[in-house]
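K.L.:
Attaching a single structure in structure tokens format; questions to follow.
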Amino acid sequence: MLPALSSPLLTVPASAQTTSGSPLPSWNDGVAKQAILDFVRVTTETASPNHVPAEDRIAVFDQDGTLWVEHPMYTQVVYCLERVPAVVEKKPKLKNVAPFKTVLSGDREAIARLSLRDLEEILAATLTGMSVEEFNTEAKKWIESARHPRWKRPYTELIYQPMLEVLRFLRDSGYKTYIVTGGGQDFVRVYAWQVYGIPPEQVVGTAAGTKYGYGKDGKPFLTKEPKLLLNDNNAGKPEGIHLMIGRRPYAAFGNSTGDREMLEWTGAGAGARLKMLVLHDDAAREYAYGPAQGLPDSKVGTFTPALYDEAKKDGWTVISIKNDWKRVFPFEQ
């Protein structure tokens, strides 16, 4: 149990929902809020032609940029960069080898210029070559102590209050909620239950291999290996959903081009389907980036004009943080 992570889950108690008269008190009235309410109504009312049997009520959520902050850098990437000194301590030869040398220099501009291949090398070195238990221990320790550079708060407090309400509302309506993320599956499983109320078995993410073996004491253990099993991004998301869940979702939430195929596949099913994209357009309360709608371009959580056009063409709902959310984080008054 991570005490620091327990409180966000309790920010919208059932009593507060009843008092407010709405299951989505942090949402402004508008198209986005109404789309959620209408979807739940038509898929759960027994007499509705769009009624969905309880066993088929599946809702999937991207994590970074959809459930919590992803700027200025994905949280897991921050974790891996901060783990580099520990890795180099065990393997001193890496000290003067790129890209580890660049990370150790502390030069933020140079670190920002690291290529995808460089980052993959860092991720492999910091996320594998250890037992599953060792990884869980280190990741929990970091997630408890790390602070976001802007808000100086734990990353696990930078979760979106309106989306916590959607998760709860869907679960209260008989939906099973899953995280489907391009991030590391094991990393997100460390805190998903405490933060989102989503158990580890309902987290689908980019997954590496594990190897079964025995310790000196004869006890079995699993070692994380630098072997990619599932790249859960872009087309990998519907592929991962089929592999891990086995049912097409009725609701899907994302925020970037990496979620396009997941929403397309969800929408290709029969009956009422909810497809929603979060647009980060509020620099004052969070961040503003796109480049859709003339917002600043971004390599992190890219929301292109083409994705925006597809959303409008295919009836996906675009959620404006600026216009649709009364508040962004649980700690806001």
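K.L.:
In the stretch 123-138, which residue that is open to solvent by less than 50 Å² (accessible area, probe 1.4 Å) and over 22 Å from the mean Cα position of the chain (by Cα) is farthest from Tyr212 (Cα to Cα)?
P.N.:
The qualifying residue farthest from Tyr212 (Cα to Cα) is Ala125.
K.L.:
For the stretch 304-333, which residues satisfy the criterion of being part of a loop (DSSP other than H, G, I, E, B) and open to solvent by less than 10 Å² (accessible area, probe 1.4 Å)? Please lay out each step first, then the result.
P.N.:
Kept after step one, since they are part of a loop (DSSP other than H, G, I, E, B), are these residues of the stretch 304-333: 304, 315-316, 326-333.
Scanning the stretch 304-333 gives Val328, Phe329.
K.L.:
Would you be able to say whether some residue in the stretch 66-81 is open to solvent by 40 Å² or more (accessible area, probe 1.4 Å) and in a helix (DSSP H, G or I)?
P.N.:
Quick first cut of the stretch 66-81, residues open to solvent by 40 Å² or more (accessible area, probe 1.4 Å) only: 72-74.
Going one step further and asking which of them are in a helix (DSSP H, G or I), we end up with none.
Checked the stretch 66-81: no residue is open to solvent by 40 Å² or more (accessible area, probe 1.4 Å) and in a helix (DSSP H, G or I).
K.L.:
Would you check if Gly182 is in contact with an Asp or Glu (Cβ under 9 Å, 6 or more places away or on another chain), crowded, with 22+ Cβ neighbours inside 10 Å and small (Gly, Ala, Ser)?
P.N.:
Answer is no for this residue.
K.L.:
Among the residues of the stretch 199-249, what is the count of those that are of a type outside the set (A, V, I, L, M), within 28 Å of Asn50 (Cβ to Cβ), outside any loop (DSSP other than H, G, I, E, B) and open to solvent by less than 70 Å² (accessible area, probe 1.4 Å)?
P.N.:
4
K.L.:
Please determine, by comparing only the residues of the stretch 185-198 that are touching a residue at least 24 places away in the same chain (Cβ under 8 Å) and farther than 17 Å from Met163 by Cβ, which one is surrounded by the fewest Cβ atoms within 10 Å (Cβ to Cβ). Spell out the reasoning first.
P.N.:
Just the residues of the stretch 185-198 that are touching a residue at least 24 places away in the same chain (Cβ under 8 Å), to begin with: 185-188, 190-191, 194-198.
If we keep only those that are farther than 17 Å from Met163 by Cβ too, we end up with 185-187, 190.
Numbers: Gln185: 22, Asp186: 20, Phe187: 23, Val190: 23.
Going through the qualifying residues, I end up with Asp186.
K.L.:
Among the residues that make up the stretch 110-122, is at least one of them surrounded by 14 or more Cβ atoms within 10 Å (Cβ to Cβ) and either in contact (Cβ under 8 Å) with a residue 60 or more places away in the chain or closer than 15 Å to Val188 by Cβ (or both)?
P.N.:
No: zero hits.
K.L.:
When you scan the stretch 255-264, how many residues do you find that are more than 16 Å from Asn231 (Cβ to Cβ) and in a helix (DSSP H, G or I)? Give the steps one after another, and end with the answer.
P.N.:
Going residue by residue through the stretch 255-264, those that are more than 16 Å from Asn231 (Cβ to Cβ) are 255, 263-264.
Those left that are additionally in a helix (DSSP H, G or I): 263-264.
Residues flagged as more than 16 Å from Asn231 (Cβ to Cβ) and in a helix (DSSP H, G or I) within the stretch 255-264 amount to 2.
K.L.:
Only one of (1) in a strand (DSSP E or B); (2) open to solvent by 30 Å² or more (accessible area, probe 1.4 Å) is not met by Ala252, so which one is it?
P.N.:
For Ala252, the exception is condition (2).
K.L.:
Now a separate question. Exactly one condition in (1) in contact (Cβ under 8 Å) with a residue 60 or more places away in the chain; (2) within 29 Å of Gly174 (Cα to Cα) is not met by Tyr289; state its number.
P.N.:
(2)
K.L.:
What about Lys152, is it among the basic types (Lys, Arg) and in contact (Cβ under 8 Å) with a residue 60 or more places away in the chain?
P.N.:
Working: among the basic types (Lys, Arg): yes; in contact (Cβ under 8 Å) with a residue 60 or more places away in the chain: no.
Here the answer is no, as Lys152 does not meet what is asked.
K.L.:
Between a residue in the stretch 227-251 that is on the phi > 0 side of the Ramachandran plot and any residue that is open to solvent by less than 10 Å² (accessible area, probe 1.4 Å), which pairs come within a Cβ distance under 8 Å, given they are 6 or more apart or on different chains?
P.N.:
That search, which allows pairs on different chains as well, returns Asn234/Gly258.
K.L.:
Take Gly301 and decide whether it is at positive phi and surrounded by 15 or more Cβ atoms within 10 Å (Cβ to Cβ). Give the steps one after another, and end with the answer.
P.N.:
Values: at positive phi: yes; surrounded by 15 or more Cβ atoms within 10 Å (Cβ to Cβ): yes.
So Gly301 fits the description; yes.
K.L.:
Within the stretch 87-100, is there a residue that is touching a helix residue (DSSP H, G or I) at 6+ places or on another chain (Cβ under 7 Å), part of a helix (DSSP H, G or I) and open to solvent by 70 Å² or more (accessible area, probe 1.4 Å)?
P.N.:
Yes, some residue in the stretch 87-100 is touching a helix residue (DSSP H, G or I) at 6+ places or on another chain (Cβ under 7 Å), part of a helix (DSSP H, G or I) and open to solvent by 70 Å² or more (accessible area, probe 1.4 Å).
K.L.:
Here is a follow-up. Please enumerate the residues belonging to the stretch 149-179 that are surrounded by fewer than 18 Cβ atoms within 10 Å (Cβ to Cβ) and not in a helix (DSSP H, G or I).
P.N.:
Keep residues of the stretch 149-179 that are surrounded by fewer than 18 Cβ atoms within 10 Å (Cβ to Cβ), which gives 149-153, 171-174.
Matches in the stretch 149-179: Pro149, Arg150, Trp151, Lys152, Arg153, Ser173, Gly174.
The values are calculated or read from the model by the stated rules, or taken from the named source; none is laboratory data. All values derive from a computational prediction rather than experimental measurement. Cβ coordinates were reconstructed from backbone atoms using ideal geometry, including for glycine residues, and neighbour counts include every protein chain displayed. We work out accessible area using only protein heavy atoms, side chains counted, and drop any ligands, DNA or RNA first. Shrake-Rupley method; radii C 1.70, N 1.55, O 1.52, S 1.80 Å.
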